[in-house]
1. Any chance region 95-106 includes a residue that's among the β-branched types (Val, Ile, Thr), touching a helix residue (DSSP H, G or I) at 6+ places or on another chain (Cβ under 8 Å) and not in a strand (DSSP E or B)?
2. Exactly one condition in (1) modelled with pLDDT of 85 or more; (2) surrounded by 13 or more Cβ atoms within 10 Å (Cβ to Cβ); (3) part of a helix (DSSP H, G or I) is false for Ile112; which is it?
3. Across region 84-94, what is the number of residues that are touching a helix residue (DSSP H, G or I) at 6+ places or on another chain (Cβ under 6 Å) and either touching a residue at least 60 places away in the same chain (Cβ under 8 Å) or within 17 Å of Asp11 (Cβ to Cβ) (or both)?
4. Scan region 37-66 for residues that are in contact with a Cys (Cβ under 9 Å, 6 or more places away or on another chain) and of a type in the set (Val, Ile, Thr) and jot them down.
5. When only residues in region 32-57 that are free of Cβ contacts under 8 Å to residues at least 40 places away in the same chain and aliphatic (A, V, I, L, M) count, which is farthest from Arg5 (Cα to Cα)?
6. Provide a single number: the residues in region 53-73 that are surrounded by 15 or more Cβ atoms within 10 Å (Cβ to Cβ), polar (S, T, N, Q) and modelled with pLDDT of 90 or more.
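The values are calculated or read from the model by the stated rules, or taken from the named source; none is laboratory data. Small disclaimer: the values here were computed from a predicted structure and weren't measured. Counting neighbours? That spans all protein chains shown, and the Cβs are built from the backbone with ideal geometry, glycine included.
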Amino acid sequence: MVDFRKQRVSDEIKRIIGEIFIKDLPSNKTGLITVTNVQCTSDLRIAKIYISIYNENAEQRQKTLKNIIRQASYIRGLLGNRISLRYVPKLVFYEDDTMQYADTIERLIQTIHKPEEDDDSEAK
C-alpha cells in the first residue's frame, strides 16, 4: 500500500514539474526539457527528478542543468502551490542521459552497417 502511494505521488510530481517547465520557466529555452522519471523516498521528503535535456551541445546541457538546480527552491515553491502534501519534497535534479546514450549506440550501429552496404553495391 505504501509503494502504491509513493508511486502515485511520484507520478503526480512528474506531471506537475513537467507543467512548470513548460509554463513557468520560459527562460529555459536552451533545449527541450523532459521529465523522464521521479523517484520519491519512502517518507516522501526527497524527490529525485530525472530530466532529459535535448541539445546537441554537451556544454549547453550542463549549463541548463545547473540553471535548473539553481532554481530548485523556486520550482519546489511552485510545486507546493499545486500539490496537496503534508511536506513538499526536496527536489534533487539529475540529468537522464538515456537519450544521448541511445543516440550514440544508434550512430555506432549505422557506422557498422555502412561499410557492409558499400561492399554490397561494389559486388553488384
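1. So far as region 95-106 goes, no, none of its residues is among the β-branched types (Val, Ile, Thr), touching a helix residue (DSSP H, G or I) at 6+ places or on another chain (Cβ under 8 Å) and not in a strand (DSSP E or B).
2. (2)
3. The total comes to 2.
4. The one that is in contact with a Cys (Cβ under 9 Å, 6 or more places away or on another chain) and of a type in the set (Val, Ile, Thr): Ile46.
5. Here the residue is Leu32.
6. Total satisfying the criteria: 1.
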